[in-house]
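The structure appears right after this line, and notes come after that.
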Amino acid sequence: MSVAVFTARHVTKTYRSGDVEVQALRGADMELFEGEMAVLLGPSGSGKSTLLNIMGGIDQATSGTVMFRDEDLTACSERELTRYRRDHVGFVFQFYNLIPSLTAWENVALVTEISQNPMKPEEALEMVGLKERIGHFPAQLSGGQQQRVAIARAIAKRPEVLLCDEPTGALDSKTGILVLEALARINEELKTSMAIITHNAAI
Ligand code: ADP
């Protein structure tokens, strides 16, 4: 039987700035199961990032519940969410967010140094096909390679879940496929549960 890693029920999120209210989510339900690689597809502005950020403990819902296994994220304090993110979640964003003055290896090592049961940075970089590039700085890598470093950084702490926000959004389709293949390999080999959000139906 499939075990749910995430269960979201009737999740709403309203952003307020001054007099303006934006209802980013109006009662969203979802499940993500163990080992699943799920794609959440929808047009820009439909609330995908908002939902992903709530699942990742970056943002909080206005109402509804978001369970991570037996833990209700909507009842967590900031401190508890910080621990939840550190111990369980890997993030991949559209724009890689690598530190330019650090090599690929050092970007990944930043995370492994503060994790409990990490793989070696070189091991994570090998999983995404970048073993030969560990000494390169971000500026010496293509967009697709930088994104694969970002993926290596996200998986090096062996997170239970990997949340990816438009991971191929800044890449051409050929390079995007390499990035998706790296994600599929991680899903298969590490059994990491994944949610990938995109507006691109080709994904
Ligand atoms: P998607 O990821 O599907 O493109 P988002 O979750 O980014 O959608 O945004 C959903 C809606 O919420 C949009 O109308 C967006 O403008 C609005 N929104 C997102 N973040 C904020 C914010 N921090 N403040 C105000 N409005 C926001």
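The values are calculated or read from the model by the stated rules, or taken from the named source; none is laboratory data. Quick caveat, the model's predicted, so the values are computed rather than measured. Backbone-built Cβ (ideal geometry, glycine too); neighbour counts: all protein chains shown. The area values use the complete protein model at the heavy-atom level, side chains included, leaving out ligands, DNA and RNA. Shrake-Rupley method; radii C 1.70, N 1.55, O 1.52, S 1.80 Å.
Quick rundown of the values:
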| quantity | calculated |
| --- | --- |
| Pair list, Cβ under 7 Å, 6 or more apart: the range 40-55 residue over 19 Å from MET67 (Cβ atoms), other residue assigned to a helix (DSSP H, G or I) and near the ligand (Cβ under 8 Å from one of its atoms) | GLY42/LYS48 |
| One residue from GLN94, GLN60 being touching a residue at least 60 places away in the same chain (Cβ under 8 Å), within 16 Å of the ligand (Cβ to nearest atom) and under 20 Å from the mean Cα position of the chain (by Cα) | GLN94 |
| Pick from the range 1-55, criterion of a type in the set (Val, Ile, Thr) and not in a strand (DSSP E or B), ranking: farthest from the chain's Cα centre (by Cα) | VAL3 |
| Count - residues of the range 1-35 that are polar (S, T, N, Q) and over 17 Å from GLY64 (Cα atoms) | 2 |
| Residues of the range 18-44 satisfying the condition of being open to solvent by 80 Å² or more (accessible area, probe 1.4 Å) and farther than 22 Å from PRO159 by Cβ | ASP19, VAL20, GLU21, GLN23, ARG26, ASP29, LEU41, PRO43, SER44 |
| Qualifying residue in the range 42-56 (condition: modelled with pLDDT under 95, in contact with a strand residue (DSSP E or B) (Cβ under 7 Å, 6 or more places away or on another chain), among the aliphatic types (A, V, I, L, M) and more than 11 Å from the ligand (Cβ to nearest atom)) | no |
| Long-range neighbours under 6 Å by Cβ, at least six apart or interchain, first residue closer than 7 Å to ALA156 by Cβ within the range 102-119, second part of a helix (DSSP H, G or I) and not acidic (Asp, Glu) | VAL108/PRO121; VAL108/ALA124; VAL108/ALA152; VAL108/ARG153; VAL111/ARG153; THR112/PRO121; PRO118/THR112 |
